[in-house]
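Structure first, then comments.
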Amino acid sequence: MAAHTHAGADAAARRDLAVRAAVEQGLVGGADSAEPLTCLLDTVGIRASAAALTSAFADALAPGTPVLHAFAVKAAPLVPVLRLLADAGLGCEVASPGELALARAAGVPAGRTVLDSPAKTVAELREALALGIAVNADNPQELERLDALVGAGPARSPIGVRINPQTGAGTIDALSTATSTSKFGIALRDPGAREWLVRAYLDRPWLTRLHVHSGSQGVPLALIAEGVRELHALAEEINEAAGRRQVDTLDIGGGLPVNFASDEETPRCAAYVAALRGAAPGLFSGTYGLVTEFGRALLAKHGLVLARVEYTKTSGSRPIALTHAGVQLATRTAYAPAAWPVRILAYDAKGAPKTGEPVAQDVAGPACFAGDLLATARELPRLAPGDLIGVPDTGAYFFTAHYGYNSLPRPAVHGFTVGPQDEVRFSLVRPAQRLAEIVAEAGGAHAEALL
């Protein structure tokens with residue numbers, strides 16, 4: 001526990017240094033500044049999470065076991081992030097043509113890329129097979145398409161089938177992928193499904209992988225591990241029926257939950273590996289190569305939204321701070337606050353942590369709808385115009401997945417590192433969106449089209 005706390009303290013110290021430096025270097029500022037909002041990524045923290053993942057599995061696996069840790073691009077679809085993770089030894093898991101284009105722009109090789117999606121087109125499948133990208137088929141109809149594309153010969157790409165182990169939901173229904181009626185994969189416990197799957201593999205010698213993704217935010221480790229155990233058992237059954245090692249690789253997905261309540265990084269990758277070893281010890285015997293598809297767990301803790309407080313007011317006796325960070329960056333929090341609560345950090349106009357007697361206040365965003373709230377009745381030092389709020393743990397699925405409500409522009413994203421003398425260096429990851437770009441995306445070049 002002490003090691004966890006220390007790591008969190010180090011990250012918090014880097015974060016506070018970065019906030020002050022962001023103000024000093026003009027990345028964000030007070031009322032007279034043109035920059036009311038920016039987003040930061042802790043490069044050292046991202047590398048540390050990647051190293052924790054790779055080392056946890058390397059320590060548990062039999063020597064020489066092939067393993068690919070493929071980052072789920074949807075969690076942070078930013079080319080410099082994908083390039084950083086590739087430099088740390090990770091590949092990419094993509095679920096759309098856009099995500100594949102991002103992975104390729106980051107220089108991720110086809111052999112370190114996995115294509116998952118429940119609605120792949122023929123064109124997407126054809127491209128993936130031509131490039132040698134691994135494909136996980138979602139359903140019987142997709143498998144029939146692959147029959148036509150692969151033909152009788154061996155497939156250039158590793159191909160598998162995604163199963164839904166139907167092991168149950170976590171605390172967030174919308175993110176639970178292993179329920180009895182999940183839209184993903186072949187429902188393993190439906191009548192006749194298991195027998196159909198075994199026969200599908202025996203009829204297709206080029207099917208060499210099995211895939212499951214049973215975890216996500218709100219799903220406990222034991223339930224995630226149960227889904228992986230079902231996957232391993234099915235692979236053993238298929239190989240026994242085939243009389244050979246037809247399935248040689250298990251893609252166990254990702255979905256490790258993240259602690260949004262404090263700076264402590266829990267659960268750790270080592271705890272996840274321990275849960276897997278308890279549920280499916282054969283997974284680590286070296287019989288099967290492994291693929292993982294982590295996203296949120298690698299990026300969330302290393303992102304920070306930094307926004308100016310523009311105005312403060314009182315309504316119904318409750319103080320309200322109106323800021324520039326809201327639904328466009330924290331979409332899930334605005335629409336499902338109970339499932340996606342965020343922490344709020346208070347800073348003064350110079351970027352120093354704000355002190356003072358805590359006061360219950362709402363922290364609101366800039367969008368024109370009543371639910372655009374980051375926090376309600378949150379106890380914080382009383383915020384004033386020109387102060388800054390920080391929203392930590394937002395490096396995945398928050399500002400990386402901008403929501404264009406009110407045509408609010410995408411903010412700039414900067415990576416940062418802290419030197420030995422506490423000097424902070426920023427690198428531009430994504431520039432702020434210009435208003436001209438918003439107009440172009442909204443059909444500005446076709447203004448007369450409907451007249």
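Would you please name the residue that is surrounded by the fewest Cβ atoms within 10 Å (Cβ to Cβ), looking only at residues in segment 246-288 that are among the charged types (D, E, K, R) and in contact with a strand residue (DSSP E or B) (Cβ under 9 Å, 6 or more places away or on another chain)? Quick ask: steps written out before the conclusion?
We begin by selecting, within segment 246-288, every residue among the charged types (D, E, K, R); these are 248, 251, 263-265, 268, 277.
Imposing the further condition that a residue be in contact with a strand residue (DSSP E or B) (Cβ under 9 Å, 6 or more places away or on another chain) reduces the set to 248, 251, 263.
Values: Asp248: 16, Asp251: 27, Asp263: 19.
Filtering first and then ranking leaves Asp248.
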* Structure fact -> Within segment 133-152, restricting to residues that are surrounded by fewer than 19 Cβ atoms within 10 Å (Cβ to Cβ) and free of Cβ contacts under 8 Å to residues at least 40 places away in the same chain, the one that is farthest from Ala119 (Cα to Cα) is Ala152
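Being more than 30 Å from Gly351 (Cα to Cα) and either surrounded by 19 or more Cβ atoms within 10 Å (Cβ to Cβ) or in contact with a helix residue (DSSP H, G or I) (Cβ under 6 Å, 6 or more places away or on another chain) (or both) is true for just one of Ala62, Ala72. Which residue is that?
Details: Ala62 fails: either surrounded by 19 or more Cβ atoms within 10 Å (Cβ to Cβ) or in contact with a helix residue (DSSP H, G or I) (Cβ under 6 Å, 6 or more places away or on another chain) (or both).
The unique qualifying residue is Ala72.
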* Pick out, from segment 347-451, the strands (runs of 3 or more DSSP E) lying fully within it that include 2 or more residues that are more than 22 Å from Arg15 (Cα to Cα) and in the same structural domain as Gly316 (by TED's automatic domain parsing). => 358-364, 373-381
* Residue count, segment 394-409 (criterion: without any contact (Cβ under 8 Å) to a residue 60 or more places away in the chain and either closer than 19 Å to Leu40 by Cβ or buried (at least 19 other Cβ atoms within 10 Å of the Cβ) (or both)) -> 1
* To do: Considering (1) surrounded by fewer than 18 Cβ atoms within 10 Å (Cβ to Cβ); (2) under 20 Å from Tyr405 (Cβ atoms), say which one Lys313 fails and leave the rest.
  => (2)
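Quick test for you: out of Leu84, Leu78, Leu37, pick the one residue that is over 30 Å from Gly365 (Cα atoms) and either within 16 Å of the chain's Cα centre (by Cα) or assigned by TED's automatic domain parsing to the domain that holds Gly386 (or both). Talk me through it step by step, then tell me what you get.
Details: Leu78 fails: over 30 Å from Gly365 (Cα atoms); Leu37 fails: over 30 Å from Gly365 (Cα atoms).
The match here is Leu84.
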* **Where Leu234 falls short, out of the listed (1) in contact with a strand residue (DSSP E or B) (Cβ under 9 Å, 6 or more places away or on another chain); (2) within 23 Å of Ala50 (Cβ to Cβ); (3) assigned to a helix (DSSP H, G or I)** => (2)
* Kindly establish whether Val108 is outside any helix (DSSP H, G or I), hydrophobic (A, V, I, L, M, F, W, C) and outside the structural domain of Leu329 (by TED's automatic domain parsing). => yes
* To do: Please indicate, with yes or no, whether at least one residue in segment 363-370 is over 22 Å from the mean Cα position of the chain (by Cα), modelled with pLDDT under 95 and not acidic (Asp, Glu).
  => yes
* Tell me, which strands (runs of 3 or more DSSP E) lie completely within segment 129-217 with 1 or more residues that are at pLDDT below 90? -> 159-164
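Matching residues to (1) in contact with a Ser or Thr (Cβ under 6 Å, 6 or more places away or on another chain); (2) surrounded by fewer than 18 Cβ atoms within 10 Å (Cβ to Cβ); (3) under 19 Å from Pro353 (Cα atoms):
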{"position": "Val23", "(1), (2), (3)": "no, no, yes"}
{"position": "Gly29", "(1), (2), (3)": "no, no, yes"}
{"position": "Asp87", "(1), (2), (3)": "no, yes, no"}
{"position": "Glu93", "(1), (2), (3)": "no, no, no"}
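The values are calculated or read from the model by the stated rules, or taken from the named source; none is laboratory data. Remember, it's a predicted structure, so these values are computed and weren't measured experimentally. Cβ coordinates were reconstructed from backbone atoms using ideal geometry, including for glycine residues, and neighbour counts include every protein chain displayed.
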